[in-house]
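The structure under discussion appears below in the form of structure tokens.
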Amino acid sequence: MNTAQFTATSDTLLQDAPAGVIRNDWTIEEISNIYFSPLLDLIYRAATVHRMYHDPQEVQVCTLLSVKTGGCPEDCAYCPQAARYSTNVNTHKLLDVDTVLQRAREAHANGSTRFCMGAAWREVRNNRDFDKVIEMVKGVNELGMEVCCTLGMLTHEQALRLKEAGLYAYNHNLDTSEGYYDKIITTRNYNDRLETLENVRQAKISVCSGGIIGLGETHEDRIGMLFTLSNLPEHPESVPVNALVAVEGTPLENQERVPVWDMVRMIATARILMPRAMVRLSAGRVSMSQEEQALCFMAGANSIFAGDKLLTTPNPEVDADKELFQVLNLKPRKAFKGNNSDS
Ligand code: SAM
Ligand code: DTB
Ligand code: SF4
């Protein structure tokens, strides 16, 4: 991966370049020109692309549930669920199918159309726990929700089994650039991540892949991650942009909160590079004001996680989000409206 030095071109306006073209051959230089363009020009351009492919009033509301929490063998430096760090997470083994389906029903009743189940696993194993997850996927699908999982690495066969059970999307983040990856995670490599994404794609499951900012990476690393995502043979259907939630006990506990401007630049650049994708304003909303979140929506974000908890960390209260939607005249997007050919 080329994460060579480059100069900020913040005096270059984007107006003249064609907008909204679906491309898989972006160069680092093009991406950095977009990322570093004058902020208001960048937002304007992203908002224009957003309107070419999406209804700007519509925001997808997703719910997350940690179905297996903590005790993970991996060493992701940001993650409170890694067994090797001493954090305050309440660990539990895989939840019962009925408990999960009850939570999915509640989320549905609250207007959520996508239900995402997360497990603190390095990879899926072909055991009883996987059989239980398959039952969860079937059950949530039958509720009429888009069902999503994030379970770590997957083989081709496991992806096919999930697809058969009705899995709609699979989340597997690249998290950062290839160059910065081993500063954050040493127990697996970038290629492992890309292979799982390929297995998901081949099984015709919708791909959800993005990353985190605020890990101590440079702007070049962020651009490098967007370079990899936007040059995949097909763009992910969803791109989550997370701001690090610095959790006590993790190696990144003292990282400073990322400036909102960085979130806006990241979201806007992702929107311009991958016009059809749902760009998800993911972790970090709990410390953002309504105005800051509005800027992110303006810059092309059109999906959020709702519910007062992400996997283990806090998220805005349901009532606060209801108010946000009212103030900004946003409406929740219906399920199965995507461009996934199987939807
Ligand atoms: N174990 C699986 C994996 O790593 O793919 C699935 C669960 S993992 C918790 C899902 C994603 O959550 C990670 O890839 C990372 O992007 C995000 N995440 C975890 N901890 C975070 C934190 N403290 N702040 C922001 N995002 C975080
Ligand atoms: C994603 O990109 N963000 C979500 C979801 N995909 C699985 C997870 C955020 C987790 C934040 C830390 C926590 O709550 O444990
Ligand atoms: Fe485990 Fe996923 Fe957390 Fe990494 S991000 S420690 S793989 S749960």
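The values are calculated or read from the model by the stated rules, or taken from the named source; none is laboratory data. Since the model is a prediction, treat every value here as computed from it, not as a measurement. Here the Cβ positions follow ideal geometry from the backbone for every residue, glycine too, while neighbour counts run over all protein chains shown. Protein only, heavy atoms only, side chains kept; ligands, DNA and RNA dropped before computing areas. Shrake-Rupley method; radii C 1.70, N 1.55, O 1.52, S 1.80 Å.
So in the stretch 96-127, with the set limited to residues that are of a type in the set (G, A, S) and open to solvent by less than 70 Å² (accessible area, probe 1.4 Å), which one is farthest from A159 (Cα to Cα)?
Checking each candidate, the answer is G111.
Okay, residues lined up against (1) crowded, with 21+ Cβ neighbours inside 10 Å; (2) of a type in the set (V, I, T); (3) under 28 Å from R188 (Cβ atoms); (4) more than 16 Å from ligand 2 (Cβ to nearest atom):
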position	(1), (2), (3), (4)
N24	no, no, yes, yes
E30	no, no, no, yes
L39	no, no, no, yes
R51	no, no, no, yes
E58	no, no, no, yes
C72	yes, no, yes, no
D75	no, no, yes, no
Q81	yes, no, yes, no
S86	no, no, yes, no
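If I filter the stretch 264-304 down to residues being in contact with an Asp or Glu (Cβ under 8 Å, 6 or more places away or on another chain) and open to solvent by less than 30 Å² (accessible area, probe 1.4 Å), which single residue comes out as farthest from ligand 1 (Cβ to nearest atom)?
Within the stretch 264-304, the match that is farthest from ligand 1 (Cβ to nearest atom) is N302.
Take T250 and tell me if it is of a type outside the set (A, V, I, L, M, F, W, C), in contact with a Pro (Cβ under 7 Å, 6 or more places away or on another chain) and surrounded by 14 or more Cβ atoms within 10 Å (Cβ to Cβ).
Spelling it out, T250 is indeed of a type outside the set (A, V, I, L, M, F, W, C), in contact with a Pro (Cβ under 7 Å, 6 or more places away or on another chain) and surrounded by 14 or more Cβ atoms within 10 Å (Cβ to Cβ).
Is at least one residue of the stretch 301-310 over 27 Å from N199 (Cα atoms) and assigned to a helix (DSSP H, G or I)?
no
Residues in the stretch 87-102 that are closer than 21 Å to M145 by Cα and within 11 Å of ligand 3 (Cβ to nearest atom): how many?
Qualifying residue count for the region: 0.
Step by step: first the residues of the stretch 91-115, then only those that are free of Cβ contacts under 8 Å to residues at least 60 places away in the same chain and among the polar types (S, T, N, Q), then the one that is farthest from ligand 1 (Cβ to nearest atom). Which residue is that?
That would be Q102.
Do you know which of the residues in the stretch 100-127 that are part of a helix (DSSP H, G or I) and within 16 Å of ligand 2 (Cβ to nearest atom) is farthest from V61 (Cα to Cα)?
Only one residue fits best here, namely V100.
Taking the criterion of being among the aromatic types (F, W, Y) and modelled with pLDDT under 95, would at least one residue in the stretch 82-103 satisfy it?
No, every residue in the stretch 82-103 fails to be among the aromatic types (F, W, Y) and modelled with pLDDT under 95.
Going through R128, R45 one at a time, which residue ends up being in contact with a helix residue (DSSP H, G or I) (Cβ under 9 Å, 6 or more places away or on another chain) and either among the basic types (K, R) or modelled with pLDDT under 95 (or both)?
Step by step, each of R128, R45 is checked, and only R45 is in contact with a helix residue (DSSP H, G or I) (Cβ under 9 Å, 6 or more places away or on another chain) and either among the basic types (K, R) or modelled with pLDDT under 95 (or both).
Tell me the residue from Q326, Q255 that is open to solvent by 20 Å² or more (accessible area, probe 1.4 Å), within 16 Å of ligand 3 (Cβ to nearest atom) and at pLDDT 95 or above, please.
Exactly one residue qualifies, and that residue is Q255.
Limited to the stretch 33-86, what total is found for residues that are more than 16 Å from ligand 3 (Cβ to nearest atom) and either free of Cβ contacts under 8 Å to residues at least 12 places away in the same chain or among the acidic types (D, E) (or both)?
Qualifying residue count, the stretch 33-86: 6.
Does the stretch 267-285 contain any residue that is without any contact (Cβ under 8 Å) to a residue 24 or more places away in the chain and within 12 Å of ligand 2 (Cβ to nearest atom)?
No, the stretch 267-285 contains no residue that is without any contact (Cβ under 8 Å) to a residue 24 or more places away in the chain and within 12 Å of ligand 2 (Cβ to nearest atom).
Could you list all residues from the stretch 206-225 that are of a type in the set (S, T, Y) and in contact with a Phe, Trp or Tyr (Cβ under 7 Å, 6 or more places away or on another chain)?
Hit for the stretch 206-225 is S206, nothing else.
Could you tell me whether any residue of the stretch 318-325 is more than 16 Å from ligand 1 (Cβ to nearest atom), out of contact with any Cys (no Cβ under 6 Å at 6 or more places or on another chain), over 20 Å from S206 (Cα atoms) and assigned to a loop (DSSP other than H, G, I, E, B)?
No - not one qualifying residue is present in the stretch 318-325.
Looking at (1) at pLDDT below 95; (2) crowded, with 16+ Cβ neighbours inside 10 Å; (3) hydroxyl-bearing (S, T, Y), can you tell me which one S341 breaks?
(2)
Can you tell me which residue in the stretch 305-317 is farthest from the chain's Cα centre (by Cα), limited to those that are away from ligand 1 (no atom under 14 Å from the Cβ) and not aliphatic (A, V, I, L, M)?
E317
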